[in-house]
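Inspection log for the structure reproduced underneath, given as structure tokens.
The values are calculated or read from the model by the stated rules, or taken from the named source; none is laboratory data. All values reported here derive from a predicted model rather than from experimental measurement. Virtual Cβ from ideal backbone geometry, glycine too; neighbours counted across all protein chains shown. For the accessible areas, the whole protein counts, side chains as well, though only heavy atoms, and no ligand, DNA or RNA atoms are used. Shrake-Rupley method; radii C 1.70, N 1.55, O 1.52, S 1.80 Å.
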Amino acid sequence: MSEASTSEEKLPLNGRRAIPPNNSNDEENEVPEMEAFGLIPRGFNPRDYLRVVDIYMFKEPHEINKQEHHTDKYYNPRLIVRRGQSFQIQIDFNRPYKPETDQFWLEFLMGRYPQQNKGTYIPILVGNVLKPGQWGAKIIQRENNSIRLSIMSSTTCIVGKFRLYVAVWTPYGILRTRRNSATDTYILFNPWCQLDAVYLDDEKEREEYVLNDVGIVFHGNAEDIKSRSWSYGQFEENVLDACLFLMDKAELELSGRGNPIKICRVASAVINSRDDNGVLVGSWDNTYAHGLAPSAWTGSVDILLEYYSSKQPVRYGQCWVFAGVFNTFLRCLGIPARLITNYSSAHDNNANLRVDFFLDDEGKVDTRLTKDSVWNYHCWNEAWMTRPDLPVGFGGWQVVDGTPQETSDGMYRCGPASVQAIKHGHVCFQFDAPFVYAEVNGDIFFTRMEKNGTQVVESVDTTRIGQLIVTKAVGRDAMMDITEEYKFREGSDEERLALEAAVMYGVKKQSTEDTTYQPQTDVDMDFQVQKAVLGHDFKVTITFRNKSRNSYTATTYLSGNIVFYTGVTKSEFKKHSFNVKLEPSSSSSFDIMIKSSEYMSELLEQASFHFFVTARINETGKILAVQKATVLEIPTLRIKTKGEMVAGKEMSVIVEFTNPLKQTLENVTLRLEGPGVLRTIQKQFGRIPVNSTLTWEVKSIPMRPGLRKLIASLNSDALRHVYGELDVQIQKP
């Protein structure tokens, strides 16, 4: 025996455990076909005993197993079943099976070091009854040389890919079937089974949160909600294997993979590339060298498959991309999941439930001192599961977030945190509830720094943060407002109580007592931004209401900023100061024009502006401050189809776009995808001159009948976040 092979067979020893960690679903061990009990007599012929000729798995999409287990949509030739529910296989022997003398059993194995007490080696004896939620097998049919078995898996069994062997007992040893990957069996979570930790009792919700492979991302801001479709594609070819690979990458012990809490926690870290070379590299600085701009992706499949094949982080993602990929991962494994958007999401660097905007003497925001930011919106996920690790009542939807914002236990990850615990302020329960609580609650403080270092709070906005929390409605393409699942009504007694609980459990709440705060009461100021289309002029209207009997003059300052959707300023493009006279007991309005030439050259991809208006009442020295984000209307792509739409027949998809800007678009890229209709296609176009229309025709052969969605995106140097979509009904052939 060569040196290499002997060293390979020795297990790496360490003082703590006899067996190395078993954290790869992909690796295998050698299983002997003949396991002798001792010396084998010379005349022994294995052919004299019962021998397995063939195993039939009923694994086609139209056959009983995939139909009953709701796994018929997976593009995967192997058997895929859900745990805690029986499935059938047929074994053909070389002769009729005799229960009196023949003895055989099944073995399911996972990983390189299968062990029975870890759930990675599962021997199943054939019995007379199946107990719900426990491993077992019974014969339901015998015919000639064949038997048909009904097999029940445990409701807590590991989720992943098992190898199947049939073992036959002989007096001299155990005979096993040869390794055959065609009999590999994937076992997934089962939201249809009452004993499973992810059981969801509403069929319409299961269809949406587990089986729907297309969803909606809501973005923009609360006053101007935008939406776009996202293809989750959890059933597409190789996606299931890619999702199992993520757990291998995160080095999650196989024995922990039956627990949705553990899976969510490690997945929230491995979805981003920070500290573990996970799936996606985040980039928020508008430069996307050697990768795809986050706005160009139309779905998760390309990202997961690229990562699975290259094993290198994919460039680039922002919050909705992380959330889209995370949703695919959860639904693919059978954990009910939905994508959430929180409008005006606080990124509170010191988690004191207070977002500080510091103003200088003139009332302008001091970017040097202001460290917190309010994201126009932030996307995360909710996963549905019981929480046996928490007191009763905190199961159900759990927040998980794959966007790298802050570290948790030393890694960039977040969750699972119980939505119910966040609502009631019980943020002492793991994981990361205080961080999520601060994202949806908290106040914005406008604080002026005096020359002597004292802080004067000029105004406090208690309603803006977490003002609207939404997700896609069940069973239709609409928005569902779920704000009340996260918080009580603003200003209600329950809301105060929840806040007090959160503070008691360690959320830092900085009070206004330690700063001087004298709100201005006799003059109100607000402003409105006209709905505007990208590339056009629009106006901002500032309104004062003087409720006093005094005449005042106010020095007013408007600052217009181009911002990332995270609320971080890129540049100030508009400064405007003016003096106004405020007559007693009256209102007055003032318009300021914003020209497209002022903002177009600076514009970022999400066309987000942030306006600050501050006014100093000269007679009293009081400062009024209001801030608002606004998003421009971005033109959309038009999608049409040509020819009849029948599964298995060629059809054409046509994408059109007219350039609405006063400039030529350079480096234009189009992407088109539609699960079940066509694989993602990308095409580069050099440029689109002003007012020109680009037309792109793609031929495809749809695979599956039913209602499908086509999703397209356009990306260029000057214009991003351009989308189009179309519902198509594919007929049966």
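Within the range 55-95, the set of residues being aliphatic (A, V, I, L, M) and outside any strand (DSSP E or B) comprises Met57, Ile64.
If you filter the range 317-348 down to residues that are at pLDDT 95 or above and among the hydroxyl-bearing types (Ser, Thr, Tyr), you find that the one that is farthest from Ile469 (Cα to Cα) is Thr328. Identify all residues within the range 255-287 that are open to solvent by less than 40 Å² (accessible area, probe 1.4 Å) and of a type in the set (Val, Ile, Thr); write none if there are none. Selection gives Ile261, Ile263, Val266, Val270, Ile271, Val279, Val281. Count of the range 123-152 residues, restricted to those that are assigned to a loop (DSSP other than H, G, I, E, B) and touching a residue at least 60 places away in the same chain (Cβ under 8 Å), is 3.
Kindly indicate whether Ile444 is out of contact with any Gly (no Cβ under 6 Å at 6 or more places or on another chain) and in a helix (DSSP H, G or I). Taking the combined requirement at face value, the residue does not satisfy it. Exactly one residue among Trp380, Trp297, Trp320 is buried (at least 24 other Cβ atoms within 10 Å of the Cβ) and over 27 Å from Ala433 (Cα atoms), and that residue is Trp297. Look at Asn546 and say whether it is over 30 Å from Tyr343 (Cα atoms), modelled with pLDDT of 90 or more and open to solvent by less than 10 Å² (accessible area, probe 1.4 Å). Yes; evaluated as a whole, the condition is true for this residue.
When residues in the range 697-733 are screened for being of a type outside the set (A, V, I, L, M), touching a strand residue (DSSP E or B) at 6+ places or on another chain (Cβ under 7 Å) and not in a strand (DSSP E or B), 6 of them pass. If you filter the range 598-622 down to residues that are aliphatic (A, V, I, L, M) and at pLDDT 80 or above, you find that the one that is nearest to Arg464 (Cα to Cα) is Val613. Output the residue which, of all residues in the range 461-476 that are touching a strand residue (DSSP E or B) at 6+ places or on another chain (Cβ under 6 Å) and surrounded by fewer than 16 Cβ atoms within 10 Å (Cβ to Cβ), is nearest to Lys226 (Cα to Cα). Checking each candidate, the answer is Ala473. Listed by position, the strands (runs of 3 or more DSSP E) inside the range 590-696 whose residues that are open to solvent by 50 Å² or more (accessible area, probe 1.4 Å) and more than 30 Å from Asn550 (Cα to Cα) number at least 3 are 638-642, 678-688.
Scanning the range 196-224 for residues that are more than 13 Å from Trp384 (Cβ to Cβ), at pLDDT 95 or above and open to solvent by 30 Å² or more (accessible area, probe 1.4 Å) yields Glu203, Lys204, Glu207, Asn212. Restricting attention to the range 106-135 and to residues that are open to solvent by 30 Å² or more (accessible area, probe 1.4 Å) and hydrophobic (A, V, I, L, M, F, W, C), the residue that is nearest to Asn145 (Cα to Cα) turns out to be Val126. The residue that is surrounded by the most Cβ atoms within 10 Å (Cβ to Cβ), among those in the range 405-428 that are of a type in the set (A, V, I, L, M) and at pLDDT below 90, is Val427. Would you confirm, using the coordinates I've provided, whether Ala438 is out of contact with any Ser or Thr (no Cβ under 6 Å at 6 or more places or on another chain), farther than 23 Å from Ser227 by Cα, crowded, with 24+ Cβ neighbours inside 10 Å and touching a residue at least 60 places away in the same chain (Cβ under 8 Å)? Against the criterion (out of contact with any Ser or Thr (no Cβ under 6 Å at 6 or more places or on another chain), farther than 23 Å from Ser227 by Cα, crowded, with 24+ Cβ neighbours inside 10 Å and touching a residue at least 60 places away in the same chain (Cβ under 8 Å)), Ala438 qualifies. Filtering the range 486-527 down to residues that are at pLDDT below 80 and in a strand (DSSP E or B), which residue is nearest to Thr471 (Cα to Cα)? The residue in question is Tyr517. Each residue in the range 463-480 was checked for being free of Cβ contacts under 8 Å to residues at least 60 places away in the same chain and either in a loop (DSSP other than H, G, I, E, B) or within 17 Å of Asn376 (Cα to Cα) (or both), and 4 of them qualify.
Scanning the range 708-733 for residues that are open to solvent by 30 Å² or more (accessible area, probe 1.4 Å), modelled with pLDDT under 95 and aliphatic (A, V, I, L, M) turns up just one, Ala718.
Per the listing Tyr56, Tyr74, the residue uniquely within 30 Å of Pro705 (Cβ to Cβ) and surrounded by 20 or more Cβ atoms within 10 Å (Cβ to Cβ) is Tyr74.
Scanning the range 383-404 for residues that are open to solvent by less than 60 Å² (accessible area, probe 1.4 Å) and of a type in the set (Phe, Trp, Tyr) turns up Phe394, Trp397.
Of the residues in the range 98-114, not one is among the β-branched types (Val, Ile, Thr), without any contact (Cβ under 8 Å) to a residue 60 or more places away in the chain and not in a loop (DSSP other than H, G, I, E, B).
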